[in-house]
Amino acid sequence: MLLSVVAHRSTMSDAAAANGSSSPAPTPEVPATELAQLALEDEPKVSFSDQFKAFSKFGDSKSDGKLITLSQSDKWMKQAKVIDKKITTTDTGIHFKKFKAMKISLSDYNKFLDDLAKTKKVELSEIKQKLASCGAPGVVSVSAGKAAAAVDRLTDTSKYTGSHKERFDASGKGKGIAGRRNVVDGSGYVSGYQHKDTYDNAH
């Protein structure tokens, strides 16, 4: 019995020694960048109903976000790329006018989408997912293809004119400081003379 008590005390003292003290070890600080990332991950995603409220106020400062018009709905669907070759504004207009009202509520809008999806044979969940994730009203994303084409056009030195044209050589490579300053040519030839250094070859 005495041996077991001694062994128990010895085990407790070893544990205390291993811990160093009875107070808990301080937790390491989390870097600010990681905290910011965690905050973004924990942030709830915008729901379909939130988007309905936002777009029902879009362009109408007096709207309380409870009713949406056909025009607002079409803008929402165009931004979410729901309106495409399969679903057109004609389709949305036909189904919206079934409610015989200029504005409809969220519950009626759900019925409108359900009716539209069934008629056009499109998944309702897919439409709602696009509408929920299209971003804030008025935000239009530029496709990578269009952005690349615009960059290519703006960086094509063959289309440059005037003083800008002089900043690049024939291959499109920049001349550096020589392209921005008038460097004095001490060769004795006038500017623009194209037969420089050909006299000796001709005579």
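The values are calculated or read from the model by the stated rules, or taken from the named source; none is laboratory data. Everything numeric here is computed off the predicted structure, so don't read it as measured data. What goes into the accessible areas is simple: the full protein's heavy atoms, side chains included, and nothing from ligands, DNA or RNA. Shrake-Rupley method; radii C 1.70, N 1.55, O 1.52, S 1.80 Å.
Summary of computed values
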quantity: The stretch 48-133 - accessible surface per residue (Å², probe 1.4 Å); calculated: 58
quantity: Cross-link pairs beyond the 22 Å C-alpha cut-off, checked among K53/K120; K53/K130; K86/K118; K66/K97; K57/K121; K97/K120; calculated: K53/K120; K57/K121
quantity: Hull shadow area, averaged, the stretch 48-133 [alpha-carbon convex hull, nm²]; calculated: 4.9
quantity: The stretch 48-133 - percent of accessible surface contributed by carbon and sulfur, probe 1.4 Å; calculated: 54
